[in-house]
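Data block below; observations after.
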Amino acid sequence: MTVPVYIGYYFTIQPLQPATEILIAELGYAGFESFVETENGVEAFIQKPEWNEHILDNIHILNSDEFEITYTTKEIEQVNWNKEWEKNFNPIVVDDICGVRAPFHEKSDVIYDIVIEPKMSFGTGHHETTHMMIQHLLKADLENQKVLDMGCGTGVLAILAEMRGAQPIDAIDIDNWCYLNTVENVERNHCRHITAYEGDVSLLDDKRYDVVIANINRNILLKDISSYAKTLKSKGQLFLSGFYSEDLELITKECNANNLEFVNSLDRNNWIAACYKLK
Ligand SMILES: C[S@@+](CC[C@H](N)C(=O)[O-])C[C@H]1O[C@@H](n2cnc3c(N)ncnc32)[C@H](O)[C@@H]1O
């Protein structure tokens, strides 16, 4: 496998919080893949083919009067991702019963103990959207349900779905690193019912699922909701995240146009995770 070239952005932020957290979330949705929090700010990395000179145009926090944010950039050949995320990845626990930790962390006292080595993929449970999708899955009845995890990242949601009794599960990601990372994490968690694929909705053909999970972003969801609806069985459930509160109405409108009715939604720091049901 060829090692991708990255562009590194080295941000200095004053004061650090909550600006750092907001900046990481905004950069993540602009395509940045990995973040290292430092004493003075954050380092953020994006693959060179994903980069363009307008990449920071929609990063609103940079225009805030409340924080002073400056940065330098550098092209880098190789990053020791493992070393960097090991320094920064603390275990998390969602609703007291689901933990997400790295292989070197001690096992915590939870019912669902998920072990993730994210490398360059999204999905350690730290982001609001993953956290809320975990909360939805902890409440959903998944026993023997056929599940699709679209935009699987590290595979964290597919792994939890299997732990909650779902089977079989398809986990799809458009990114080769995420696909490979899901395969590794599936094995690491001894899951036997998850099949990972590299691709997007074009892989779905005539497959049918009881539950579809998609934590991606507003624009991809708007484009793909009709495909999710087609792939769902009657009364099937759709869990969507990766968008802000102000986009819930638009997402719900698109769902309604595809025969999906709104069930409920969770809200965390202005991010949404919503549940819909096929009529
Ligand atoms: C926000 S991450 C979610 C990861 C994980 N499911 C979670 O909840 O933490 C979104 C993932 O969707 C993938 N992705 C982006 N566009 C996609 C598309 N059109 N189809 C499938 N996956 C896509 C990205 O590569 C990324 O891994």
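The values are calculated or read from the model by the stated rules, or taken from the named source; none is laboratory data. Computed from a predicted structure; not experimentally measured. Every residue, glycine among them, receives a Cβ derived from its backbone with ideal geometry; neighbour counts consider all protein chains shown. Accessible surface areas use protein heavy atoms only, side chains included; no ligands, DNA or RNA. Shrake-Rupley method; radii C 1.70, N 1.55, O 1.52, S 1.80 Å.
Has segment 40-50 got at least one residue that is away from the ligand (no atom under 16 Å from the Cβ), modelled with pLDDT under 90 and part of a loop (DSSP other than H, G, I, E, B)?
no
For Ala196, all conditions in the list (1) open to solvent by less than 50 Å² (accessible area, probe 1.4 Å); (2) farther than 13 Å from Ala171 by Cβ hold save one; what is the number of the exception?
(2)
Would you check if there is a residue in segment 140-149 being within 17 Å of Glu187 (Cα to Cα), more than 10 Å from the ligand (Cβ to nearest atom) and not β-branched (Val, Ile, Thr)? Before the answer, list the steps.
Restricting attention to segment 140-149, the residues satisfying the condition of being within 17 Å of Glu187 (Cα to Cα) are 149.
The next check asks that each one be more than 10 Å from the ligand (Cβ to nearest atom); those that pass are none.
For segment 140-149, residues within 17 Å of Glu187 (Cα to Cα), more than 10 Å from the ligand (Cβ to nearest atom) and not β-branched (Val, Ile, Thr): absent.
Scan segment 243-279 for residues that are modelled with pLDDT under 95 and not in a strand (DSSP E or B) and jot them down. Give the derivation first.
Initially, segment 243-279 is screened for residues modelled with pLDDT under 95, giving 243-247, 268-271, 279.
Scanning segment 243-279 gives Ser245, Glu246, Asp247, Asn269, Asn270, Lys279.
When segment 168-192 is examined, which residues are found to be surrounded by 17 or more Cβ atoms within 10 Å (Cβ to Cβ), in a loop (DSSP other than H, G, I, E, B) and modelled with pLDDT of 95 or more?
Of everything in segment 168-192, those that are surrounded by 17 or more Cβ atoms within 10 Å (Cβ to Cβ), in a loop (DSSP other than H, G, I, E, B) and modelled with pLDDT of 95 or more turn out to be Asn189, Cys191.
Could you give every pair whose Cβ atoms fall below 7 Å, whose first residue belongs to segment 36-60 and is of a type in the set (Phe, Trp, Tyr), and whose second residue is part of a loop (DSSP other than H, G, I, E, B), counting only separations of at least 6 or pairs across chains?
Qualifying pairs under 7 Å: Phe45/Phe32; Phe45/Glu33; Phe45/Val79.
Working only within segment 229-253, note down all residues that are under 12 Å from Ile272 (Cα atoms), open to solvent by 50 Å² or more (accessible area, probe 1.4 Å) and more than 16 Å from the chain's Cα centre (by Cα).
Answer for segment 229-253, where residues must be under 12 Å from Ile272 (Cα atoms), open to solvent by 50 Å² or more (accessible area, probe 1.4 Å) and more than 16 Å from the chain's Cα centre (by Cα): Glu246, Glu249.
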